[in-house]
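The values are calculated or read from the model by the stated rules, or taken from the named source; none is laboratory data. Bear in mind that the values here come from a model prediction, so they are computed numbers and not experimental data. Here Cβ is always computed from backbone atoms with ideal geometry, including for glycine, and neighbour counts include all displayed protein chains.
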Amino acid sequence: MALANSVVHIDVSAALTALEPPGLDQYCIAFGPGATQFCATPNGYSTTHLPRKVVKDLLGGQIKKVLHASFGSDDDSFLFTYQMKDGSVAHRAGRDLPKALRSFVDRVSATSEESASSLRVQLGANRSYVAWSGLLWVAKRIPKELRTALFNISSADFDEANGSPGVLKSGTLDNIAWHDNGSWYVKNGHDHSNNLMDRGAGVIRGAWKDLWDNMSSQELLLPHCYAKLAYVAINPHSHTGGTFAFFKKTKDAHEADFILRFEPEDVVSRLRKKQYPLQEMRQEGASHTSGQVVNVPKNAEGLQVFKWAISKHTGRSHARDSWELDLKKGERVKILKDMGNDWFLVENRRGENGWVHKAWLDSQQMVPHIDPRQAYARFTVDVEKMLKAGDIRSFPDLSRYMNACTKDACNPLKKGTRCLGICIHDLHELMCGSGEYTLDTLKTERYKWHPDKFARYCHPDHREILREKAQALFVLFGVLMDILENPRAPQPAA
Ligand SMILES: [Zn+2]
């Protein structure tokens, strides 16, 4: 640490205070080996050790603000980018930058003022680095997955051996971070990619999940989620890989949410709950489907209520977005949750779920109702109990189990004292909840309501009226059986 010794007594804090702080949602946190650190946030700058040349620059009084900083694994391996008071952009590089990086820096700086001012360098451990300027980038010794991610956003092949740079398809690399343990993050324009949910130190994974309040990685892919993210830093020089900082953008004039850990300190965070539309999904009673945690509205009896819709098209609204559910035209799906911005989380008949845009869906003539599987389970348990107890004095209120159909024609059939409370469409929906909508299932169910058999369980005072209702239900089951046996008969609304 020879370079630090000569400057340790020079107080740069006054010089840092005199600088213009980064703008709203602008950050740079540079970790170096040992205790070396430089932080730039909208609230100002702070530092522990700084290279002598950088201290000299700061004391020189010509710097307006520090745009970027990064420390490599060697003592004199660093690169600082300044915005000068005269409007120009300047770099201060350490002598020990890796040779290939040095030549990229020199080449870019010589090309044009524009490419020089857009030059940024992110250094890592073990002499690893990514450097970029405009669309061009070079990298060395970075995790394989991060390299692949860079290739995925590039149009031309990057060849490390002959030093030819990669060429981004668009934008610039706005934010990049990694650790040798394999965790990484990269932002290119509006696109964010990372493996922080799956790889790296456990403390990073935990913090990343906390930051997003335990949303799944699939949910996170939704554009409006990552649009909330301002900055990600990972200390590449930490032995554990557990030093990091995640900042969200400021919202409604509140201070930005963040979660960070500077080893050996504990994790520090300021995470406002209820900030994100997806937040409310993680409430008690959430149902787990395909690895996602989803909370859906409940009715007065505590059963989950769903809306239904029909897909207007086949495929996905964005063919390449795997978080969207692949649909078939005419397929009926269950809307699990309104995610805001015209997006819905839906589930198909096979229990697969994903995101679907409103434009893709045709809302059905069905009112929200509970999951047919739950309804059917409750229905069979209740009927069994009722028959076992005997002495039945009133007919079960079938609309309690299923009341989905809103067809005008069915309305009079469902209301009135002598009616069952449900129509053929409701009964079809309820029986779909058995999971086995077959002739056998319908036959078994129908048998329970055979009027002569059912009458035996009824109290003598009510027997005749109850027999009539059982008869009506028996007939409805018969209609469903007819439809199933003869597909050309009119179908209940799917
Ligand atoms: Zn109906």
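Is it the case, given these coordinates, that LYS443 is under 24 Å from SER394 (Cβ atoms) and assigned to a helix (DSSP H, G or I)?
So LYS443 does not fit the description; no.
Does ASP461 qualify as being assigned to a helix (DSSP H, G or I), more than 12 Å from the ligand (Cβ to nearest atom), over 23 Å from VAL381 (Cβ atoms) and not small (Gly, Ala, Ser)?
No; evaluated as a whole, the condition is false for this residue.
Can THR438 be described as within 16 Å of the ligand (Cβ to nearest atom) and among the β-branched types (Val, Ile, Thr)?
no
What are the pairs with Cβ atoms under 9 angstrom where one residue, in the range 23-50, is under 17 Å from ARG261 (Cβ atoms) and not assigned by TED's automatic domain parsing to the domain that holds ALA230 and the other, located anywhere, is assigned to a strand (DSSP E or B) and modelled with pLDDT of 90 or more? Sequence gap at least six, or different chains.
Matching pairs, first to second residue: none at all.
Among the residues of the range 418-428, is there at least one that is near the ligand (Cβ under 10 Å from one of its atoms) and assigned to a loop (DSSP other than H, G, I, E, B)? Write out each step before concluding.
So the first thing to find is which residues in the range 418-428 are near the ligand (Cβ under 10 Å from one of its atoms), and the list is 422-428.
Checking which are assigned to a loop (DSSP other than H, G, I, E, B) leaves us with 422-423.
Among the residues of the range 418-428, at least one is near the ligand (Cβ under 10 Å from one of its atoms) and assigned to a loop (DSSP other than H, G, I, E, B), which makes the answer yes.
Return the pair list, or none, for Cβ contacts closer than 9 Å from residues in the range 390-413 that are closer than 24 Å to GLU464 by Cβ and in contact (Cβ under 8 Å) with a residue 40 or more places away in the chain to residues that are within 13 Å of the ligand (Cβ to nearest atom) and hydrophobic (A, V, I, L, M, F, W, C), at least 6 apart or on different chains.
PHE395/LEU420; LEU398/LEU420; LEU398/ILE422; LEU398/LEU427; LEU398/LEU430
Considering (1) more than 16 Å from the ligand (Cβ to nearest atom); (2) in contact with a Ser or Thr (Cβ under 9 Å, 6 or more places away or on another chain), say which one LYS469 fails and leave the rest.
(2)
Residues to consider are ASP452, ASP482, ASP391; find the one that is among the acidic types (Asp, Glu) and either at pLDDT below 90 or closer than 26 Å to TRP308 by Cβ (or both).
Numbers: ASP452 fails: either at pLDDT below 90 or closer than 26 Å to TRP308 by Cβ (or both); ASP391 fails: either at pLDDT below 90 or closer than 26 Å to TRP308 by Cβ (or both).
The conditions single out ASP482.
Assess whether LYS329 counts as being away from the ligand (no atom under 16 Å from the Cβ), surrounded by fewer than 18 Cβ atoms within 10 Å (Cβ to Cβ) and assigned to a loop (DSSP other than H, G, I, E, B).
Criteria met by LYS329.
Tell me the residue from SER77, SER88, SER109 that is in contact with a helix residue (DSSP H, G or I) (Cβ under 8 Å, 6 or more places away or on another chain), farther than 19 Å from GLY134 by Cβ and polar (S, T, N, Q), please.
Result: SER77 is the single residue among SER77, SER88, SER109 that is in contact with a helix residue (DSSP H, G or I) (Cβ under 8 Å, 6 or more places away or on another chain), farther than 19 Å from GLY134 by Cβ and polar (S, T, N, Q).
Could you give me the residue pairs with C-beta distances under 9 Å whose first residue belongs to the range 423-434 and is closer than 12 Å to VAL479 by Cβ, whose second residue is more than 9 Å from the ligand (Cβ to nearest atom) and of a type in the set (Asp, Glu) wherever it lies, and which are 6+ apart or on separate chains?
Going by the 9 Å Cβ cut-off, the qualifying pairs are MET431/GLU445.
Having 3 or more residues that are out of contact with any helix residue (DSSP H, G or I) (no Cβ under 8 Å at 6 or more places or on another chain) and closer than 30 Å to GLY34 by Cα is the bar; report the helices (runs of 4 or more DSSP H) wholly within the range 190-279 that clear it. Let's see the steps before the verdict.
Values: elements: 202-211, 217-220, 223-226.
Fully inside the range 190-279 and qualifying: 202-211.
Please indicate, with yes or no, whether at least one residue in the range 276-299 is modelled with pLDDT of 80 or more, not assigned by TED's automatic domain parsing to the domain that holds ARG400 and not polar (S, T, N, Q). Talk me through it step by step, then tell me what you get.
So in the range 276-299, the residues modelled with pLDDT of 80 or more come out as none.
No, the conditions are met nowhere in the range 276-299.
Taking the residues in the range 385-414 that are within 12 Å of the ligand (Cβ to nearest atom) and assigned to a loop (DSSP other than H, G, I, E, B) as candidates, determine which candidate is nearest to the chain's Cα centre (by Cα).
Let us first name the residues in the range 385-414 that are within 12 Å of the ligand (Cβ to nearest atom), namely 399, 402-414.
If we keep only those that are assigned to a loop (DSSP other than H, G, I, E, B) too, we end up with 402-404, 406-407.
Numbers: MET402: 33, ASN403: 33, ALA404: 31, THR406: 35, LYS407: 37 Å.
Top of the filtered list is ALA404.
Return the residue satisfying two criteria in turn: it lies in the range 169-189 and is of a type in the set (Gly, Ala, Ser) and in a loop (DSSP other than H, G, I, E, B), and of such residues it is surrounded by the fewest Cβ atoms within 10 Å (Cβ to Cβ).
Among residues in the range 169-189 that are of a type in the set (Gly, Ala, Ser) and in a loop (DSSP other than H, G, I, E, B), the one surrounded by the fewest Cβ atoms within 10 Å (Cβ to Cβ) is SER170.
Anything in the range 429-440 that is surrounded by fewer than 18 Cβ atoms within 10 Å (Cβ to Cβ), assigned to a loop (DSSP other than H, G, I, E, B) and at negative phi? List them, or say none.
Of everything in the range 429-440, those that are surrounded by fewer than 18 Cβ atoms within 10 Å (Cβ to Cβ), assigned to a loop (DSSP other than H, G, I, E, B) and at negative phi turn out to be GLU436, TYR437, THR438.
Can you confirm whether GLY421 is at positive phi and surrounded by 17 or more Cβ atoms within 10 Å (Cβ to Cβ)?
yes
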